[in-house]
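Here is the structure we will look at, set down as structure tokens.
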Amino acid sequence: MPALAALALWLGTNAAPAQLRGHGGPVRALTISKDGTTLLSGSFDGSAIRWSLTREAAEQVLRFHDDAVNATALFKDGRAATAGADGRIAIWSPGRAQPDKVLEGHTAPVAAIALSPDGATLASASWDHTVRLWPVAGGAPRVLEGHTQNVNGIAFTAEGGALVTASYDLTVRIWPLDGRAPSIVTLPAPLNAVTVADDGEIAAAGADGKVHFLTRAGEVNGEVALGPAPVVTIALSHDGAMIAAADIRGSVAIVERKSRTLARRLVGADRPLWSLAFLPDNVTLLTGGTDALIRRWNALTGEPLGATVQQGSADPLAAHAGDRGAEIFRACIACHTLAPDQGNRAGPTLAGVFGRRIATLPGYNFSEPLKKLDIIWTPETVSKLFEVGPSTYTPGTKMPEQVISSAEDRRALVEFLQRVTKR
């Protein structure tokens, strides 16, 4: 398939590649094989790409989902799993153009998946408030219910005896897989991500800009404050020493897990990032972001590996430097454009948004629940959206949860949008 050659452009100098270019939209998911030779990426463009990290080349483009590919997983035997905002999970064999099987049952986007240590079970977390355990060999899934909001994060414990989930409902739940009732831990903010170290310690993060630590039994065991912006995703190094955390404004923090300290931030990571993954060397970190690139970094220094592309002139908000509303909007440019000639991204363009009824922009595939809402976008309704949060104000939305608690910041954002979205 000659077209793949055009996708496999590592831009950099010397032996250290800087960027992996191939997706046509923000990179939503990254999974690296245990031996570090294969990368599976998923994107808002609806595709997944299997990359050879030894040849630095794209091997296969996987196209099946009707919406964003939110999560990916790699099996020990080389098969891949992709999960989408269309609520479906596809299982792929290497080289095949169509999935071997499709797992259906979720009624809302699948936000995260995890493979059990023995490879026998695939777990999925969904915005339908459920968790499902799918036998890889086939058969009906086991459904875990109890969360009252979108389930965003999922991870197995190292020994495989329990599953840990994190939700917008402020809870981390530890589900013993022998059927006992889950342990429920309530944290101060809606949660976007969770990971579990080999020693059983749990780390979860979300809207309050902190990484929260729990013991394997679910006891609160410390926190690290990273900043005011919501944390979108986290990744644990293979040796368990470091946690990388990306916030919605593009800052990536490296946390030393044992000492509970913010060690450093990635130098030059200034655009919203959606995905993170450590290579087995415990030093190299891959990031996937709104610019559709996969970049690699030295997590011990925070420096990018290889040459970087200067982006200042390409910054869509460069002309609005110093505008508070524009800075707040920076968290939104991953999904929304401002001008009609820029088109839609993962979310609809905001050009001409004021005065428009929700879910009526031609050419964009809105979710059915949004089409039933009676909302006209005005300064007041846009402000309300961020005051109470998208999942509360617009149930059924695919929009990432973000609450702007400051009335002054909400006003600045609305005033900015009023100026720049006029047709």
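Computed from the coordinates by the stated procedures, all read-outs in this text should not be read as laboratory data. Small disclaimer: the values here were computed from a predicted structure and weren't measured. Cβ atoms come from the backbone with ideal geometry, glycine included; neighbour counts cover every protein chain shown.
Mean silhouette area of the range 78-183, derived from the convex hull of its C-alpha atoms and averaged over all directions, reads 6.5 nm². Under 1.5 on a/c is rounded, so check that first for the range 336-415, then, if it is not, pick prolate when a/b is larger than b/c and oblate when it is not; a ≥ b ≥ c are the square roots of the alpha carbon gyration tensor eigenvalues. Here the range 336-415 falls in the oblate category.
Computed over the chain with a Gaussian network model linking Cα atoms closer than 10 Å, the most mobile of GLY222, GLY25, GLY84 is GLY222.
Per-residue Cβ neighbour counts within 10 Å put VAL353, VAL69 in the sequence VAL353, VAL69, beginning with the fewest.
Do you know the relative contact order of the chain, to the nearest whole percent, from alpha carbon pairs under 8 angstrom that are 6+ apart? It rounds to 10 percent for the chain. Helical content alone sets the calculated 222 nm signal of the chain at -2500 deg cm²/dmol, taking -39,500 (n - 2.57) per DSSP H segment of four or more residues and averaging over every residue. In terms of surrounding Cβ atoms within a 10 Å radius of their Cβ, ASP374, ASP118, ASP128 rank from fewest to most as ASP374, ASP118, ASP128. Counting beta carbons within 10 Å around each of SER124, SER251 and listing the fewest first gives the order SER251, SER124. Once C-alpha pairs closer than 8 Å and six or more residues apart are averaged by separation and normalised to the residue number of the range 315-420, the relative contact order reads 26 percent.
What the pair-distance distribution of the chain shows, using all Cα-Cα distances binned every 20 Å from zero, is 27, 61, 12 percent.
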